[in-house]
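The values are calculated or read from the model by the stated rules, or taken from the named source; none is laboratory data. For clarity, every value in this text was computed on a predicted model and none was experimentally measured. Quick reminder, even Gly has a Cβ in these numbers, built from the backbone with ideal geometry, and neighbours come from all protein chains shown. We work out accessible area using only protein heavy atoms, side chains counted, and drop any ligands, DNA or RNA first. Shrake-Rupley method; radii C 1.70, N 1.55, O 1.52, S 1.80 Å.
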Amino acid sequence: MKLTDYTPSIAHKVLIYGEPKTGKTELAGSLAALGYKLWWFDLDNGIQTLLRPESGAAKQLANIELFRLPDTQAFPIGIETILKVTKGGECRICSLHGKVGCLACSKSAPDGFSSINASTFSNKDVLVIDSVSQLAASVMNHIKRDMIAKGLEDIKPDWDDYAKQGFLMDRIFSTIQQANYNVVAISHAQMVELDDKKKRLVPIGGTSNFSKTFAKYFDHVVYTEFVNGKYRAYSDATQNSMAVIGSRTGRKLVEGTGLQEIFR
């Protein structure tokens, strides 16, 4: 195929990351005010941010379908559910446990389910994962579930465990990378030393080594921070040289417009 015959996907894969309380959830939620339907998977209980009256999404909550995943060390439901959702096909998820096809809720609360089928998404649908940081923890807790179930206290992941974690994270995000629907993932930041020996802020995607290249799965990588009493968001490397950020389409965020510039 000649490049002149190539039609790029209109789906956007966006990663938003930064320190806690720097406006990541608010930035993702701004899409609701732009008329997008957000299918929000909440592993961190961060959705409460959008319930504040001053939130830009507060008047558009009907555009947000919430799937609460009460992910804990003893109940790593995040990885189980996200794997099934990104695989495609209809998934009925219970409101109590965040579990696909939950047998317990099918008996006790048959009406307490919401359905999602990412395979049928239009360009006005957005899958939101909040957060990747907790999802990575969920993967590791899933890997060590037998030891956790035994109540052992000194549980230390070994090299094989980290390799399994990287395999599952790659399985999810390589699927997302090639998906024909919009995705916004939210994560936190950590400082690592890159191959050029320079220390940079990168989005957490699992281990430090995996996190170094985690941005590769996304078309747009946005870094957020709170500076001089204002929330800032950057998508261009010229705006913040300490953080790994950038856009494959060269789009820069405009202050006060949320993700509009990326999704226009």
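Here are the numbers:
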item: Dimensions (Å) - the chain, Cα atoms, principal axes, largest first; result: 51, 50, 44
item: Of Lys24/Lys197; Lys13/Lys252; Lys164/Lys212; Lys124/Lys230, those spanning more than 20 Å from alpha-carbon to alpha-carbon; result: Lys24/Lys197; Lys124/Lys230
item: Rounded percent of accessible protein surface that carbon and sulfur make up, the range 1-92, 1.4 Å probe; result: 55 percent
item: Within the chain, helix-based [θ] at 222 nm, where runs of 4 or more DSSP H residues each add -39,500 (n - 2.57), nearest 500; result: -7000 deg cm²/dmol
item: Cysteines (scope the chain) whose Cβ has no counterpart Cys Cβ under 4.7 Å; result: Cys91
item: Loop sites in the range 41-95: GluC sites (Glu not before Pro), DSSP, at most 15 other Cβ within 10 Å; result: Glu54, Glu90
item: Charge tally in the Cβ shell below 12 Å around Ser9, where Lys, Arg are +1 and Asp, Glu are -1, Ser9 excluded; result: +1
item: Compactness of the range 12-106 - radius of gyration and Dmax, Cα, Å; result: 14.2, 39
item: Restricting the range 1-59 to trypsin sites (Lys or Arg not before Pro) in coil, as DSSP defines it, with at most 12 other Cβ within 10 Å; result: Lys2, Lys21
item: Residues of the chain: accessible area per residue with a 1.4 Å probe, Å²; result: 52 Å²
item: Proximal charge balance of Cys91 [Cβ under 15 Å; K/R count +1, D/E count -1]; result: +1
item: Accessible surface of the range 148-264 [probe 1.4 Å, protein heavy atoms]: carbon and sulfur percent; result: 48 percent
item: Along each principal axis, Cα extent of the range 38-160, largest first, Å; result: 47, 35, 28
item: Interatomic Cα distance distribution for the range 1-40, bins of 10 angstrom, percent; result: 21, 38, 21, 17, 3
item: Sum of side-chain charges, Ala233 neighbourhood, beta-carbon under 9 Å (Lys, Arg +1; Asp, Glu -1); result: 0
item: Estimated Rh, the range 87-146: Kirkwood, alpha-carbon pairs, angstrom; result: 13.5 Å
